[in-house]
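Below is one structure. I have some questions about it.
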There are 2 protein chains.
Amino acid sequence: MVDDSTATVAHSLRAWVATASPGSRLPSNRELVARFGVSPVTVQKAFRRLTAGGLIESRPGVGTFVRSRPAVRPADYGWQTAALRAPHTRPPAVSAPMRSADPEAIALHSGYPARDLLPERLLRNAFARVGRSEAGWTRSSVAGDPDLRSWFAGELAAVTAAGTTPPAARDVVVLPGTQSGLSSVFRALVGSGHPVLVESPTYWGALLAAAQAGVDVVPVRGGPDGPDPADLARAFTETGARAFYAQPAFANPTGARWSAERADQVLDVVRAHDAFLVEDDWAHDFAVEGEVSPVAARDDAGHVVYLRSLTKSVSPAVRVGALVARGPARERILTDRLAESVYVSAFLQAVALEVVTAPGWRTHLRTMRGNLRARRDLMVEELDRRVPSAHLALVPAGGLNLWARLPEGTDVQRLVRECEHEGVVVAAGDEWFPAEPSGPFVRVNYSGPEPERFGEGLAILGRVLARQEG
Amino acid sequence: MVDDSTATVAHSLRAWVATASPGSRLPSNRELVARFGVSPVTVQKAFRRLTAGGLIESRPGVGTFVRSRPAVRPADYGWQTAALRAPHTRPPAVSAPMRSADPEAIALHSGYPARDLLPERLLRNAFARVGRSEAGWTRSSVAGDPDLRSWFAGELAAVTAAGTTPPAARDVVVLPGTQSGLSSVFRALVGSGHPVLVESPTYWGALLAAAQAGVDVVPVRGGPDGPDPADLARAFTETGARAFYAQPAFANPTGARWSAERADQVLDVVRAHDAFLVEDDWAHDFAVEGEVSPVAARDDAGHVVYLRSLTKSVSPAVRVGALVARGPARERILTDRLAESVYVSAFLQAVALEVVTAPGWRTHLRTMRGNLRARRDLMVEELDRRVPSAHLALVPAGGLNLWARLPEGTDVQRLVRECEHEGVVVAAGDEWFPAEPSGPFVRVNYSGPEPERFGEGLAILGRVLARQEG
C-alpha cells in the first residue's frame, strides 16, 4: 500500500510461496531485481513482509527459504453455529457500492469519487504538515478536536436563519466516518425493537446500521421533492416512531432534493410528534446547482441530528465526519461513541481541518463541482442515447448518482451479472429498498474514473438490456 | 493541533471574542504578532479558524470584527427526555483513565504511555513516507489491508505450537482500535440479553462495550494466575454463557498473568462448553519479563477470538488494532464491522505497517521495555516507601499499572478527590468492577510522563490516606 512496487513484488512472491514446497529456496535478491525491474531495497522490503507473515525465513549467507509449516488438519468450526445462535439480521456481506471490481472493468457502481475529483495538492500538504506536528502523538477527546468541531459548527452556523440559535462547537461530535454516526444514532436514540422511519428507497448503509442496531425500519414513500408530509405524519402516528432518517439533499440513490418549503413541512411534522429528524447531509460538497441548505439550520429545539461527512470529499483515507446534536440526545450519542471507539485519530482530525481551512479549499470545491456537473451531463446524455428504454425521474442537482428505472419485467440481478461479464459494473437498485423494490432500477455513479468510457459502459448496459427485452 | 502556536493564538482570540460585544474590532495582525511572538502567517491562520467558526468577520482594508449574532433564547430540549425513553444502561460519561487532568498535576491515572515511550523516529518516518504514497487516496476493504493482516497473523503464527493450525491473513480483521472490536464481539457473538463471563475486576472499556451491546455481564473471580478453572466451569454451566472475556497477560488493572498451565486449563473449560474465549492481548508489547505467549496460539478449533492493539505501543493517533477469529464467528464480526464503520483508514493502516515492519521496531521495543521496567521498579519502591499501608498483591511482569489495595474502610472516592485537589491524579478502583468492588483499590499507572515525580505524587497519596485513617 505504501509503495506499489513493494506490494507487487510481495504479492508475486506470496503466490510463488503458496505453491512451493517447504524448504524451497527463493530466487536471489539479484534475480528478483532483474525480474521485476525494481531496486534491491524494494525486494528486501518484500522479503521482510513475507518474513513477518511467517511465510519465509532467511539464513544469512545461505539464502531465503519457504518456511516449513507443521502439517495442518482441516478445522471444524461446527460447534460455533450453535454457540452463536441465529443472527438477528442477515445483511449482505458486502454491498455493491463497496465491491472492488476487476481493474479493467468500467466501474459505474462505486459510491466514491474518482481521485481526480479529490484535493490532491491540499491533501499532500496536509499530510506533510501534520506529519511534522504534534498531532501524530496526541490522544483526542471523545467528542473530538475543538477547532475541527468549531469548523463543523461554523459551516451550519453560517446558514442558520436569524432568530434561530446556531449550533456551537460543543454540539458537535467528531466521527470516524458518518457510518459510525448512523450506528450510534440508531442505538442511542431509537434502540433495539423500536421503529425508525426511512424514505424508500434510501441509503443501503443506513439500512445496514439500522439492522445492526436491531431497529425496526418503517418505509415511507419518497418523491423527487422528498416525502409527502401527510404520509410522514401518518407513519409517525401509526408506529409511534420518534425518529425519521433522511437525506434531504441529493438523496442516495434517487437524487431527490427537498425544497425549502418541504423542509419546513417535514420539520413541522417531526416537531408535532416530538421526534428527531436524522439528517444525513452526505452530499453537502457535491451540489452542482446552488448550495445545500441543511434542514438543521432551521431547527431551534434539538429536533435535527445532523450528519456531515468529509470522507468522500477530502479522501477515502481520511475517515472523518461529524454529528451535530443538542440536548440529552447528544449526551446519549457521546456515551455510545465512548463505548464504541473511545476517540477518533487526532492525526486524521488534524489533516481534515488542515484541508478544509486551507485557502485553496473553496477553489477546489468550485473546480470539483464544475467537473461533477460535466460528468453528470455527459452521463445523462449517454444514458439517453445508449439506453433509450431507461427512464430518469429527475436529473439530480447534486450528489454522485443517476437512478434509472428500467422497463417493467427487467430481471435486474441477471442484467447486472451479465453487464459485469461484459466489462461494466453497475449497482442493482434492490439494495436501497427497505422492503419490496418499487420497480426495476439501477444506480449509475458519474463520479468514478474514466468518464471517457461512460458511453462505452452504457452501450454495454443498453445491449444487455435489449437482449433481455428481445 | 497541527501547529501549537496557531492553536494557542486561536484559543486566546476565542476567549477574547466570547466576552467582547458584537462589532468589536480585533487587535491588528501586527499587534497580535507582537503580543504572541508568532509569525503573521500564524495569526492569519488563527483568524481563518475563527472566521470558519462564524465568530469573526474580516472587512478588507478595515479590520477584523466580532460577528454580531442574532439574539438567542434558551432552548428547551425537554421533549427529548420522553422521546429517548429510559436508557438501557447508564455508563459513566468519561472514565478516569480517559480524563484530561490539569497539565500541572502529577498524572498517575492515564491509560496511555507517555510520549518518550513511543517510537518517535519510526513514526515520523512512517508519516512522511506514507504521506507521499498512494495510501492517502486508497479505500480499504472491510477486513483491512492484506499486508497488515498478514503481519498480525504472522505475530501469532510465530508462536503457534507445532501441530496447531496457525492463523492466516484471511482470519484477521483490522480495527479502528480494539475498543471497536470489543463492541463488535459483544454484539455479534453474544448479543443483547445474553450472558458473557468476565474476570472481576476487569477492563472498564470492556464493561462499557458490554453495556452498550446490552449484554449481561457475569463476574468470575480473578486471581494473580487468572480465574480458577472450576469457578469458570461453574459459571458457564449456571448461566449458559458461550463467551468469556479476559486479558490473560497483565490484566488491566491487576497485572495478573496466566501461566501456560492455567491457559490450557481455561481453554479446556471453554472447549468443554462450546464457548469462546475473547482474549484481549492489550499489553502484548509491554511485557517486561519474558514475552507474551497468547492463548490464541494454543487454539485449533476457533475457540479464541484474539484482539491486539497497536494504539498504545505505536501512537494514540494511530488508531489501529486487529482481531483474529475463525469460522462463522469471523463472518459475523465482519458483517458487524461493515455496518459499524465500513472500513479503517488506509493511511493509518499503512503507517502502522510501516512502523512495525521497520528494522528499528524490535530495537525500539527492547529499549521501551527496559524503560518500562525501570519505571515499574521505581513506582513499586516509591509506593512501598510513601504509602506503607497500601498492599500490592503482585508486582506485574508487564502492562502499565500497579493495583494497590488500601486499608479496609478507606473512602476511595473521597481519597481520589482530595488527591486531585492536592495535585496528583489517581484512578479509583471501583470502575474496574462489574459489580461490588472486592475492596478499596486504586490503580496507579507507571507509564505516564515525569517518572521523577512519582515519589512526590505518591507522597501526596500517602499523606491524604494517613489523614483519612487518622
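Could you give the length gained on full extension between B:ARG99 and B:ALA393, defined as 0.36 nm per residue of separation minus the Cα-Cα distance, in nm?
103.2 nm
Rounded, prolate or oblate, given the Cα gyration tensor of region A:339-405, with a/c below 1.5 counting as rounded?
Taking the square roots of the gyration eigenvalues as a ≥ b ≥ c, region A:339-405 is oblate.
How much FRET efficiency would the formula 1/(1 + (r/R0)^6) give for A:TYR77 and A:GLU57, where r is the Cβ-Cβ distance and R0 is 45 Å, rounded to 0.05?
FRET efficiency, A:TYR77 to A:GLU57: 0.95.
Would you mind giving the mean number of other chain beta-carbons within 10 Å of the Cβ of each residue in B:134-144, as a whole number?
Across the residues of B:134-144, the mean count of other-chain Cβ atoms within 10 Å is 6.
Sticking with this one: Using only helices, what value at 222 nm comes out for chain A when you add -39,500 (n - 2.57) per DSSP H run of length 4 or more and divide by the total residues, to the nearest 500 deg cm²/dmol?
-12500 deg cm²/dmol
Still on this model: Provide the FRET efficiency to the nearest 0.05 for the A:GLU331-A:HIS11 pair, computing r from the beta carbons and using R0 = 41 Å.
Efficiency, rounded to the nearest 0.05: 0.30.
If each label sits 7 angstrom from Cα along the C-beta direction, how far apart, in nm, is B:GLU436 from its counterparts in the other copies?
5.9
Next up: For region B:396-411, what does the Karplus curve 6.51 cos²θ - 1.76 cosθ + 1.60, with θ = phi - 60°, yield as ³J(HN,Hα) per residue in whole Hz, taken in order and with x for Gly and Pro?
Coupling constants for region B:396-411: x, 8, x, x, 10, 9, 10, 10, 10, 8, 9, x, 3, x, 4, 8 Hz.
What average number of partner chain Cβ atoms lie no more than 10 Å from the Cβ of the residues making up B:51-62?
So the per-residue partner count for this stretch is 4.
With an 8 Å cut-off on Cα pairs and a minimum separation of 6 or more residues, tell me the relative contact order of region B:254-327 in percent.
Dividing the mean separation by the residue count of region B:254-327 yields 27 percent.
³J(HN,Hα) across region A:306-319 via Karplus (A = 6.51, B = -1.76, C = 1.60, θ = phi - 60°), whole Hz, x for Gly/Pro?
10, 10, 9, 10, 10, 3, 7, 9, 9, 5, x, 7, 9, 7
Hey, can you grab everything whose amide H is under 5 Å from the amide H of B:HIS194? Only 5+ residues off in sequence or another chain; H modelled, so Pro and N-termini drop out.
So B:HIS194 has HN proximity to B:ASP216.
From Cα pairs below 8 angstrom and at least 6 apart in sequence, can you work out the relative contact order of region A:166-297, rounded to a whole percent?
Contact order relative to length: 22 percent.
If you take the square roots of the eigenvalues of the alpha-carbon gyration tensor of region B:146-275 and sort them as a ≥ b ≥ c, do you get rounded (a/c under 1.5), prolate (a/b over b/c) or oblate?
Verdict is oblate for region B:146-275.
Hey, another quick one. First measure r as the distance between the Cβ atoms of B:ASP268 and B:ASP216, then evaluate 1/(1 + (r/R0)^6) with R0 = 22 Å and state the FRET efficiency to the nearest 0.05.
Efficiency for this residue pair is about 0.35.
Something else about it: May I have the pair-distance distribution P(r) for region A:157-207, computed from all Cα-Cα distances with 5 Å bins from 0 and rounded to whole percent?
Going from the shortest bin to the longest, the percentages are 4, 14, 18, 19, 15, 20, 8, 1.
For peptide B:357-364, what's the mean number of Cβ atoms from other chains within 10 Å of each residue's Cβ?
Average per residue, whole number: 1.
Of the listed peptides A:365-372, A:437-444, what is their order by residue-averaged count of other C-beta atoms within 10 Å, with the highest listed first?
Going by the mean number of other Cβ atoms within 10 Å, highest first, we get A:437-444, A:365-372.
List every residue whose amide H lies under 5 Å from the amide H of A:ALA256, counting only residues 5 or more places away in sequence or on a different chain, with H placed 1.01 Å from N in the peptide plane.
Placed amide hydrogens put A:ALA251 under 5 Å from A:ALA256.
Quote to one decimal, in nm, the extra length available between A:VAL159 and A:GLU291 on full extension: 0.36 nm per residue of separation minus the C-alpha distance between them.
46.5 nm
Can you give me the long-range amide H partners of B:ALA427? Hydrogens built in the peptide plane at 1.01 Å from N, cutoff under 5 Å, separation of 5 or more residues or another chain.
The answer is B:ARG443.
A further question on this structure: Which parts of region B:265-307 would a label at B:ARG366 reach, counting a residue when its backbone N lies under 15 Å from a point 7 Å out along Cα-to-Cβ?
Only B:290-291 pass the distance filter.
Oh, and also: From the square roots a ≥ b ≥ c of the eigenvalues of the alpha-carbon gyration tensor of the protein assembly as shown, which class results: rounded (a/c under 1.5), prolate (a/b over b/c), or oblate?
Rounded.
If I histogram all Cα-Cα distances within chain B using bins 10 Å wide from 0, what percent of pairs lands in each bin?
4, 17, 24, 24, 18, 9, 3, 0
B:LYS45: which lysines have alpha carbons under 29 Å from its alpha carbon, excluding same-chain residues fewer than 8 sequence positions away?
Correct list for B:LYS45: A:LYS312.
FYI, it's all coordinate maths here, none of it is from the lab. None of the values given here were measured: they were computed from a predicted structure. Note: ideal-geometry Cβ built from the backbone for every residue, glycine included; neighbour counts use all protein chains shown.
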